[in-house]
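The values are calculated or read from the model by the stated rules, or taken from the named source; none is laboratory data. All values derive from a computational prediction rather than experimental measurement. Backbone-built Cβ (ideal geometry, glycine too); neighbour counts: all protein chains shown. To get the accessible areas, we keep the full protein, side chains included, count just its heavy atoms, and leave off ligands, DNA and RNA. Shrake-Rupley method; radii C 1.70, N 1.55, O 1.52, S 1.80 Å.
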Amino acid sequence: MMKLHLVWKRFARVGLSLLFGLGALACSAVAHSEDSATRRELNLPATPFNYTDVDWPPHFASAMERFDNTPEDNPLTDHGATLGRVLFYDTTLSANGTTSCASCHKQSLAFTDDEPLSTGFDGEKVARNSMSLVNVRFYQRGRFFWDERARTLEQQVLMPIENPIEMGHELNALVNQLQADPIYPPLFDNAFGSGEVTQDRIAKALAQFVRSIVSFGSRYDEGLAAAGSYRRDFPNFTEQENLGKDVFLRRANCASCHMSNALPFNPHRPDEPYDSRRRPARQVAFFTMTTPAVNGVDADSDEVDLGVGVISGSKDDRGRFKSPSLRNIELTGPFMHDGRFHTLDQVVEHYNWSIKPHPNLDGRLQNFAANGMGLPEVPKVALVAFLKTLTDRSILSEEKWSDPFVHREGVSRDATTR
């Protein structure tokens, strides 16, 4: 529901339309169109940024076909991602013109925010922590949100717009609003061959932009390229970081969840050089769990968030949550679905001693639940040091993923994107 003063402001702008019964929908479209024409300006290059011709490193290229969730009917294009970029940063996609997708997915924080629970357009807290959007293209199941209620990224990108807490807009009204906004028809024409605005095209453009946000420039990636195998010490790592990598792979066994392969090894496609001696092959690129899981942060109870179980209604899904990639984890706290852990040390300590019993607890954690992971201080600190090697700071300032709106002097950037 829009705030009274915003509705009154729009009434003043289009009073004649209201008097003649054109209604709130026309009011909204005209008001947004007028704002677009008089206040907003885009800074886009004459030739769109390159979103499609990516020079993938070998460890990405060897696993992309297996993991890439891009659908056949929405291939990534430079013009499509450009339109998606504008939509992603446009605050008029919210009911009161204060909140964009970027409000909860900030580029400076690897496309998440630093709040345990994010804040919606009207100041109310949402139910769960915002996930990072980096490398979501490589979640093979292609389902989104912590509870996987969105079956595709194309579904997911529209759901926050209509959510009554997050952005609070109405999609039919938004289509008319964008159609009347002089910014958008040329961008839709470039992306889809005509200036017609539709919900499907909004979804496809936003999904293209989000899939374009990829990260493979961390010290881990550089070390893997130099060493030729994740099993060897990396020449660009410190002794502590190499110890942490070994702890991740072996003693703590983090790799069994975060470097697992979603599909069986295909003997007819021996194209994973880092894993050719191991079956099933281990992917070394994405650091993403392949299915939702119970990690023991809560015991089974109706008083806690049931995750996937809320959506499916199945007892076997109670407490299961999708897990974001570990890439850029140094920048993406607080952690877990409710942001309960503020530091990586707290996350490691959970697995070290604090896993709670649960009937659906992931089998790979059963021994830790019974006996604790029991890492002493030195390997525990080393594990955190290794996780920080997954940080890719280049994504934090890459212009093609940045805010394209020109922010006039005297108007703060935060004021136009929150």
Next item on the list: Output the number of the condition that Glu154 fails; it satisfies all remaining conditions of (1) touching a residue at least 24 places away in the same chain (Cβ under 8 Å); (2) in contact with a Pro (Cβ under 9 Å, 6 or more places away or on another chain); (3) over 23 Å from Pro292 (Cβ atoms); (4) part of a helix (DSSP H, G or I).
Entry: (3)
Margin query: If I ask for residues that are surrounded by 16 or more Cβ atoms within 10 Å (Cβ to Cβ) and part of a helix (DSSP H, G or I), which ones from the stretch 333-360 would you list?
Written below: Leu344, Val347, Val348, His350, Tyr351, Asn352
Check: Restricting the search to the stretch 301-332, which residues are assigned to a loop (DSSP other than H, G, I, E, B), farther than 21 Å from Ala285 by Cα and open to solvent by less than 20 Å² (accessible area, probe 1.4 Å)?
Finding: Gly319
Next item on the list: Looking for whichever is of a type outside the set (Lys, Arg), within 29 Å of Gly120 (Cβ to Cβ) and exposed (fewer than 15 other Cβ atoms within 10 Å of the Cβ) here; the options are Asn69, Asn43. Which one fits?
Entry: Asn43
Next item on the list: Could you list, in sequence order, all residues of the stretch 107-120 that are open to solvent by 20 Å² or more (accessible area, probe 1.4 Å) and out of contact with any strand residue (DSSP E or B) (no Cβ under 7 Å at 6 or more places or on another chain)?
Entry: Gln107, Ser108, Leu109, Asp114, Glu115, Pro116
Item checked: the stretch 129-147: number of residues that are within 14 Å of Phe335 (Cα to Cα) and either open to solvent by 40 Å² or more (accessible area, probe 1.4 Å) or of a type in the set (S, T, N, Q) (or both) -> 3
